[in-house]
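Everything on this sheet refers to the single structure shown next.
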Amino acid sequence: MAHLPDFIVDLAIILITAGIATVVFKWLKQPVVLGYIVAGFIAGPFITWLPTVTEMGNVEIWAEIGVIFLLFALGLEFSFKKLVDVGGTASIATLINLGSMIIIGYVAGQFLGWSQMDSIFLGGMLSMSSTTIIIKAFNDMGLQKQKFAGIVFGMLIVEDLAAILMMVLLSTLAASNRIEGAELLNSVLKLGFFIFIWFVVGIYLIPTILKKLKKYLNDETLLIISAGLCLGMVLFASKVGFSAALGAFIMGSILAETIKAKKIEHVMEPVKNLFGAVFFVSVGMMLDPYVLYDYAWLILVLTVVVLVGRVIFATLGVLAAGNGLKVSLQAGFSLAQIGEFSFIIATLGMSLGVISDFLYPIIVTVSIITTFTTPYFIKLSIPVYNYLEKHIPSGWTKLIDGYASSDYKPVNMQNDWNKLLRSVLQNVIIYTILAIAVIILCEQLIEPFIEQHIGGAWGRLVIAVVALFMMAPFLRAIVMKRNKSPEFRHLWNDSHFNRGVLISMLFLRVCICVGLVLAVLIPLFPKATIWAFIVALPVVVITVFFKGFHKQGVRIEERFLENLREKQVLETENAALHPEVTHDLLSKQIHIEEIEVSPLSPRIGKSLKESNFRQATGVNLVTIIRGNRKINIPDANERIYPYDKLIVAGSDEDIQRFITSIEERNQALADDAEPQHHVRLSQYIIEEGSPMTGKSIQELSIQEKTECMIIGIDRGEHSVLRITPQFTFERGDVLLLAGETAKLKAFEENLCRGEEIDSKMLQNG
């Protein structure tokens, strides 16, 4: 090749620099993300005495691909059901923290005299924590099993979804360059509509397709299919006016609900790491040292705003969600940094051309500083709690314990009306959205195709029939769903007043269906509006009473629910404890954790009676998972083996003590950097006078007494490979032995001395 394209040269510089930085930062025990940013600074246009990237346009393309796969991987870890599982605690805490930091960022920007868009983007960037840095800090400090860590992870999940919504809203603001409530509301509704449709259609189709292709899905095929689905959703999202990042995130969250999620996450990880590295390197390339020097005071101010503001408002958020002061402070101090999503929001602002050039390097520098302070702030939370506990008035005990701890109610009783109204409203909203999606699909795809091939009144009639046929199962569900539920029957039989209300609800649902039918007919036949009104009601009636549409609707719903629940059902079957039991224990401040036993643990081979975990650490060992075997409520004589998964129940402090106990390294084994017991081969000649002459292998019991194995014998010019226990040795036989070095040496020493082979040779070894 005479001349390499510039983008290959640039990619080589990026990856070589990133590789060196990765090794250095791992040696320094610092987050690799920081290494990538430093590598970008070195390979960027401001360091001219080293090889640098020649074409920044190429880097921007690679970086955009990096954002796509980063958000795809984030979606794989996200899952909409996971968002429901984290419950109100994470949602309330995140909304308070997020909203407060957005307001503070905006006010700070306005106070500094920045433009409105700079201020808005600053608020967005200051509101995002760093998932990567927090996870690394928790792992390094052994805190990932504690209660506050679970709350922080839940808050990060809510933040991820909020960041996606924020990116859409910021793009809308950037396009109009002004704040209009109606336009923002329209964007939010449009986003909600498309997320819902993508999720429902994705869950209905993709798990089914993956199950059909199960026997063909090796790692290579799964990688190609996953990347194709990701980029396909990116393309579709762009076509309907959303960002590529949103499409990647949505596809990841859809695949997160499949049973292949872990496998997909595994095969996609190298792709994510590669392009993610390029993205973070591109972030470092934007660091202008002159800008950093000129705005050093501003960087310092924003760093203080992040450290103080995020600690205060995250702590207040967790407190408001009902948790105690200690847990709230630990969570608040853990979130005192900004990270990856801040870079992505800054990149969005730069690509849209709506933020000032100096803002990007300032935010990156603030992120780097707050990243370094994260472990120290986490450690600082306990001394701060100890100080506050001593100075809080005695009447404020509820603040220390948390109001949710004593007011937990496992069952929320609802009357029949509440249950029925909620379920009916939920069904009407879901199936109305699906019906609207069918109308949009017909307008955008089916109508142009049919008009091109048929056209005229007959063509419009075909379009109407196709659209109504596709909508029919959803129309029937709007009218009939929940009409045979126990709540409906009970209310119907209870009083005549209830019957009137129920009939009114039914009539209202019929009106919604009539409106949806008219939404199909009137645009197609604008001159026959009266006929459309006349036809609409009979169409709804036929749809409701035709059994074929009922069966079709049931099949669609069953497949969707089966695909949606498949992963959860599998996880419940494999779980040591049923999720309801885990939830009930959490309500009593008892936590369930799974800890894998290290091969170097000093507990290996010991019985539970010898380890005495309950007395030593305070935890209860509920289950031992050993391969496919599950030992529930193990007895005291059960022993612990390497890679056992121990399911334990206890408080945060008890579980932490247990982890320390079970994960201690056996220093004697750990210090053996090189294995001392290799199996080697050696040859021995049976000479005259040897005690082995004339004796058989069975008589000598060589393998049992010496732990060496004869794997071949040369006798003259012949080699004996099939050796039987009755084989008798002769003078001149050459033995090929396999064994550990010490055992072979002991065998040779005894053999040379002409001694009988006995068990003492083992002691000599």
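For VAL364, the requirement of being under 16 Å from GLY109 (Cα atoms) and either crowded, with 24+ Cβ neighbours inside 10 Å or out of contact with any Ser or Thr (no Cβ under 6 Å at 6 or more places or on another chain) (or both) is not met.
Here is a list: THR48, THR54, THR22. Which entry is farther than 30 Å from LEU235 by Cβ and more than 29 Å from the chain's Cα centre (by Cα)?
Values: THR54 fails: farther than 30 Å from LEU235 by Cβ; THR22 fails: more than 29 Å from the chain's Cα centre (by Cα).
Residue meeting the stated conditions: THR48.
Within segment 209-261, the residues that satisfy the criterion of being among the hydrophobic types (A, V, I, L, M, F, W, C) and part of a loop (DSSP other than H, G, I, E, B) are LEU213, LEU217, VAL240, PHE242, ALA256, ILE259.
Restricting the first member to segment 491-502 and to residues that are within 10 Å of TRP417 (Cβ to Cβ), and the second to residues that are loosely packed, with under 10 Cβ neighbours inside 10 Å, no beta-carbon pair is closer than 6 Å while six or more apart or on different chains.
Could you list all residues from segment 115-163 that are surrounded by fewer than 19 Cβ atoms within 10 Å (Cβ to Cβ), in a helix (DSSP H, G or I) and of a type in the set (Ser, Thr, Tyr)? Selection gives THR132 alone. Of the helices (runs of 4 or more DSSP H) lying entirely inside segment 1-114, those containing at least 1 residues that are open to solvent by 60 Å² or more (accessible area, probe 1.4 Å), out of contact with any Pro (no Cβ under 6 Å at 6 or more places or on another chain) and modelled with pLDDT under 75 are 6-27, 80-85. Looking at segment 168-178, can you tell me whether even one residue there is surrounded by fewer than 17 Cβ atoms within 10 Å (Cβ to Cβ), part of a helix (DSSP H, G or I) and modelled with pLDDT under 70? Yes - at least one qualifying residue is present in segment 168-178.
Go through segment 234-269 and report how many residues are more than 22 Å from PRO207 (Cβ to Cβ) and in contact with a helix residue (DSSP H, G or I) (Cβ under 9 Å, 6 or more places away or on another chain). Counting residues in segment 234-269 that are more than 22 Å from PRO207 (Cβ to Cβ) and in contact with a helix residue (DSSP H, G or I) (Cβ under 9 Å, 6 or more places away or on another chain) gives 7. Count of segment 330-353 residues, restricted to those that are hydrophobic (A, V, I, L, M, F, W, C) and either open to solvent by less than 10 Å² (accessible area, probe 1.4 Å) or under 22 Å from the mean Cα position of the chain (by Cα) (or both), is 9.
For segment 580-627: of the residues being part of a helix (DSSP H, G or I), of a type in the set (Val, Ile, Thr) and under 17 Å from ASP654 (Cβ atoms), which is modelled with the highest pLDDT?
THR617
Considered as a group, the residues in segment 539-550 that are closer than 13 Å to LEU468 by Cα and open to solvent by less than 60 Å² (accessible area, probe 1.4 Å) include one that is farthest from the chain's Cα centre (by Cα), and that residue is VAL539. Residues in segment 310-321 include at least one that is within 27 Å of GLY113 (Cα to Cα), open to solvent by less than 10 Å² (accessible area, probe 1.4 Å) and part of a helix (DSSP H, G or I). Identify the residue in segment 736-750 that is part of a helix (DSSP H, G or I) and open to solvent by 30 Å² or more (accessible area, probe 1.4 Å) and, among all such residues, is modelled with the lowest pLDDT. Going through the qualifying residues, I end up with GLU749. The set of residues from segment 625-665 being surrounded by 14 or more Cβ atoms within 10 Å (Cβ to Cβ), over 26 Å from the mean Cα position of the chain (by Cα) and among the aliphatic types (A, V, I, L, M) comprises ILE631, ILE640, ILE662. Among helices (runs of 4 or more DSSP H) entirely within segment 434-540, having at least 3 residues that are among the basic types (Lys, Arg) singles out no element at all. Residues in segment 31-58 that are of a type outside the set (A, V, I, L, M) and without any contact (Cβ under 8 Å) to a residue 40 or more places away in the chain: GLY35, THR48, TRP49, PRO51, THR52, GLY57.
Quick check, is ASN483 open to solvent by less than 30 Å² (accessible area, probe 1.4 Å) and at pLDDT below 85? Spelling it out, ASN483 is indeed open to solvent by less than 30 Å² (accessible area, probe 1.4 Å) and at pLDDT below 85. Whenever a residue of segment 665-692 is on the phi < 0 side of the Ramachandran plot, its partners that are open to solvent by 100 Å² or more (accessible area, probe 1.4 Å) and modelled with pLDDT of 55 or more, lying with C-beta atoms within less than 7 angstrom and at least six residues away or across chains, give the pairs ILE686/ARG731; GLU687/ARG731; GLU688/ARG731.
The values are calculated or read from the model by the stated rules, or taken from the named source; none is laboratory data. Computed from a predicted structure; not experimentally measured. Note that each Cβ is placed from the backbone with ideal geometry, even for glycine, and that neighbours are counted across all protein chains shown. These accessible areas exclude ligands, DNA and RNA; they are computed on the full protein's heavy atoms, side chains included. Shrake-Rupley method; radii C 1.70, N 1.55, O 1.52, S 1.80 Å.
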